[in-house]
There are 2 protein chains.
Amino acid sequence: MVQIVDDRKSATIERRAKLFRGFADPSRLAILGALCNEPLAVHEIVERTELSQPNVSNHLRCLLDCGLVASDRDGRFIRYRISSPRITVLLSDVDSLLDVVSEGVDACNNYRGE
Amino acid sequence: MVQIVDDRKSATIERRAKLFRGFADPSRLAILGALCNEPLAVHEIVERTELSQPNVSNHLRCLLDCGLVASDRDGRFIRYRISSPRITVLLSDVDSLLDVVSEGVDACNNYRGE
DNA sequence: ACAACATATCAGCGAGGAGTGATATGGTGC
DNA sequence: GCACCATATCACTCCTCGCTGATATGTTGT
């Protein structure tokens, strides 16, 4: 019983962490940022983010499997788009949190992030 | 000019990524989750999360420097608390996003997260 | 069917972070 | 001042992730 509750709790935490990790990468954020404006094909994402094509594809695969983006075939293109408005909400909430803590985040070098 | 804009943009993306990375760890999420209910001293966090004491201290240092938590000395204890309600907002955003994508997140094994 | 473009996949390398164990610092009450 | 508790710090190892380069798959027009 306690076991089950603990398992559930940690499962939830693991999920949250995993989802956060989906956002915790500059490349994926760049991709999501680009897709926030409009759906884009892979080569368009490559152009705008200046990431390599395999790199973009790899991240898109990850984002797709996680359900953060969706894809539609359009001729020989594959058009990707944000899967849920909640993602946009999350991204803008992060920005408003950054308004408060950006200074500290920049300064934090413990587990350095750059 | 374009340079500057690009730098700013990427700086923002880097910041977002760094901030997300702050949340992208089960231990830190457990700590933040514990602190969401009430301020706690370190040893209390250790008890509730069942993490090792040095581990908790390390993460607290990181969270403190990033400005995600704040601390007050109380006798020989040091009491930590969530620094901004926006953090709670962010955490609940993630949960509501998980309502939609948890299935996919569980399934995603590309960059495996467990 | 073939050429050209769009996208996906894979192996391998390099780097950064998380946890541990041992130890140091700091505050408290006797 | 000393024993004790609370917290912080440090060195080290392991593991995972992200990027690249080469290549495969797939689609379209001729």
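Computed from the coordinates by the stated procedures, all read-outs in this text should not be read as laboratory data. Just so you know, these numbers come straight off a predicted model, no measurement behind them. FYI the Cβ positions are ideal-geometry reconstructions off the backbone, even for glycines, and counts take in every protein chain you see.
Results for (1) surrounded by fewer than 17 Cβ atoms within 10 Å (Cβ to Cβ); (2) of a type outside the set (D, E, K, R); (3) out of contact with any Asp or Glu (no Cβ under 8 Å at 6 or more places or on another chain), shown as yes or no for each residue.
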site: B:48; (1), (2), (3): yes, no, yes
site: B:52; (1), (2), (3): yes, yes, yes
site: B:70; (1), (2), (3): yes, yes, yes
site: B:77; (1), (2), (3): yes, yes, yes
site: B:88; (1), (2), (3): yes, yes, yes
site: B:98; (1), (2), (3): no, yes, yes
site: B:107; (1), (2), (3): yes, yes, no
*Would you please name the residue that is farthest from residue B:18 (Cα to Cα), looking only at residues in the stretch B:61-99 that are touching a Gly at 6+ places or on another chain (Cβ under 9 Å) and part of a helix (DSSP H, G or I)?*
B:91
*Would you mind finding the one in A:78, A:82 that is within 16 Å of DNA strand D (Cβ to nearest atom), touching a strand residue (DSSP E or B) at 6+ places or on another chain (Cβ under 7 Å) and of a type outside the set (S, T, N, Q)?*
A:78
*Assess whether residue B:15 counts as being among the basic types (Lys, Arg) and either within 19 Å of residue B:92 (Cα to Cα) or surrounded by fewer than 18 Cβ atoms within 10 Å (Cβ to Cβ) (or both).*
no
*If you check residue B:58 against the conditions, is it in a loop (DSSP other than H, G, I, E, B) and either under 30 Å from residue A:88 (Cα atoms) or facing chain A (nearest Cβ under 10 Å) (or both)?*
no
_Of everything in the stretch A:85-114, what is of a type in the set (Gly, Ala, Ser) and within 16 Å of DNA strand D (Cβ to nearest atom)? Give them in sequence order._
A:104, A:107, A:113
*Which pairs do you get when a residue that is within 20 Å of residue A:29 (Cα to Cα) and facing chain A (nearest Cβ under 7 Å), found in the stretch B:20-34, comes within reach of a residue that is within 14 Å of DNA strand D (Cβ to nearest atom) and among the charged types (D, E, K, R), reach meaning Cβ atoms under 6 angstrom, with the pair 6+ apart or on two chains?*
B:24/A:21
*Determine if the stretch A:89-97 includes at least one residue that is polar (S, T, N, Q) and within 12 Å of DNA strand C (Cβ to nearest atom).*
no
